[in-house]
Amino acid sequence: MTDKKIIAVVGATGQQGGGLARAILDDPAGRFAVRAITRRPDSDAAKALADRGAEVVTGDLDDEASLTKALQGAYGAFFVTAFWEYNSVEREHAQAHAMAAAAKAAGLQHVIWSTLPDTREHIPHDDDRVPTLHGSYKVPHFDSKGEADSFFIDAGVPTTFLSTTMYFESFLDFFRPARGEDGTLAIHLPMGDRKLPGIASEDIGRTAFGIFERGTELVGQTVNVSGENLTGEEYAAAFSRELGEDVVYRPMSLDAVRGLPFPGAEDTANMFFFYAEYEDVFAGARDPEEVRKLNPRLQDFATWLAANRDKFTG
């Protein structure tokens, strides 16, 4: 057993939770211990964490009893859901309820909940510029998390709300620069001339570590993260500098996003509508310099791009 404060990490084998687990394990002061909660303790990712000194335990977000057991004796926890695995508000809510109840039962002193804003506080229900989805939501994967904030509050769990944004890694798949018929490399974003906050996924976990470092100072507060807030033109210019050839920005329409052949395309289009039309609400709430106070290693886009250059040129 350890006398260090134990941080239980949901999603420790994924992007956000993995970033936090690595930040704890890399901390030269060794202030916390990692307890990785996973459905698959025999996975390669879980074994890699165990090899580095993490405690790996079995826990299932769909099973409150297993979560309560996994949280026993921990000081704090990082909670995140994976909406796109199941594309269901009902299931995400059930999982958030389970995490809040388990945290209360285990007597945790500090929880970080990875969340997003409820866009319905800004987009009227009768706004026909964007369709209502999943019954009563404008951007289901945002609104669902924002709605679930209250589960932690109502349960009396001491919680910091970590409001995330688009990963820079989205440029590796969804928005990867593509060469057009004219031979020009271009990125396509449905943002017009508005700023789109982005962050390296690793930095979400590192920022969560910075929150835990502060003790309970940020309980009850929302921390809005971003590595940099850039327009499409500015993202393209960063690609041009790094790749050594012109990369242009060619805005795409929301209708084009809605027509993409993947589940959740309408949800995604509505999200970009919110990003663009409510830039002051979303980008305006995200100041990378404030985030850097919690995470001094915070990467701006150029730094992230330089570190990942071979993934675009290989």
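The values are calculated or read from the model by the stated rules, or taken from the named source; none is laboratory data. If you're wondering where the values come from, they're calculated on a predicted model, not measured in any experiment. When we count neighbours, we look across all protein chains shown, and the Cβ atoms used for this are built from the backbone with ideal geometry, even at glycine. Calculation scope for accessible area: heavy atoms of the full protein, side chains included, ligands and nucleic acids excluded. Shrake-Rupley method; radii C 1.70, N 1.55, O 1.52, S 1.80 Å.
Points to keep in mind about this one:
- Of all residues making up the stretch 181-218, the number that are without any contact (Cβ under 8 Å) to a residue 60 or more places away in the chain and not hydrophobic (A, V, I, L, M, F, W, C): 5
- Exactly one residue among Ala33, Ala12, Ala8 is of a type outside the set (S, T, N, Q), under 12 Å from Ala77 (Cβ atoms), open to solvent by less than 30 Å² (accessible area, probe 1.4 Å) and touching a Ser or Thr at 6+ places or on another chain (Cβ under 7 Å), and that residue is Ala12.
- Residue count for the stretch 78-107 under the criterion of being crowded, with 22+ Cβ neighbours inside 10 Å and not in a helix (DSSP H, G or I): the result is 4.
- Residue pairs meeting the criteria (Cβ under 8 Å; at least 6 apart or on separate chains; first closer than 18 Å to Tyr86 by Cβ and part of a helix (DSSP H, G or I), in the stretch 134-159; second open to solvent by 30 Å² or more (accessible area, probe 1.4 Å) and basic (Lys, Arg)): Asp143/Arg120
- Meets criteria (under 19 Å from Arg292 (Cβ atoms), at pLDDT 95 or above, touching a strand residue (DSSP E or B) at 6+ places or on another chain (Cβ under 7 Å) and small (Gly, Ala, Ser)) for Gly198: yes
- The stretch 111-130, subset at pLDDT below 95 and either within 19 Å of Ala283 (Cβ to Cβ) or in contact with a helix residue (DSSP H, G or I) (Cβ under 9 Å, 6 or more places away or on another chain) (or both), residue surrounded by the fewest Cβ atoms within 10 Å (Cβ to Cβ): Arg129
- The stretch 1-42, residues that are of a type in the set (A, V, I, L, M, F, W, C) and in a strand (DSSP E or B): Ile6, Ile7, Ala8, Val9, Val10, Phe32, Ala33, Val34, Ala36, Ile37
- Annotation: Ala237 fulfils all but one of (1) of a type outside the set (D, E, K, R); (2) in contact (Cβ under 8 Å) with a residue 24 or more places away in the chain; (3) out of contact with any Ser or Thr (no Cβ under 8 Å at 6 or more places or on another chain); the unmet one is (2).
- Selected residue (criterion: nearest to Pro158 (Cα to Cα)) from residues of the stretch 43-77 that are in a helix (DSSP H, G or I) and open to solvent by less than 20 Å² (accessible area, probe 1.4 Å): Leu71
- Filter result for Arg22 (among the charged types (D, E, K, R), exposed (fewer than 14 other Cβ atoms within 10 Å of the Cβ) and over 18 Å from Ala105 (Cβ atoms)): no
- Elements of the type helices (runs of 4 or more DSSP H) sitting completely within the stretch 185-290 and holding at least 3 residues that are crowded, with 20+ Cβ neighbours inside 10 Å and over 17 Å from the mean Cα position of the chain (by Cα): these cover 232-243, 265-277.
- Check on Gly156, at positive phi and open to solvent by 60 Å² or more (accessible area, probe 1.4 Å): no
- Flag for Phe174 being surrounded by 14 or more Cβ atoms within 10 Å (Cβ to Cβ), free of Cβ contacts under 8 Å to residues at least 40 places away in the same chain and within 30 Å of Asp310 (Cβ to Cβ): yes
- Selection from the stretch 303-314 of residues that are surrounded by 18 or more Cβ atoms within 10 Å (Cβ to Cβ) and out of contact with any Asp or Glu (no Cβ under 6 Å at 6 or more places or on another chain): Trp304
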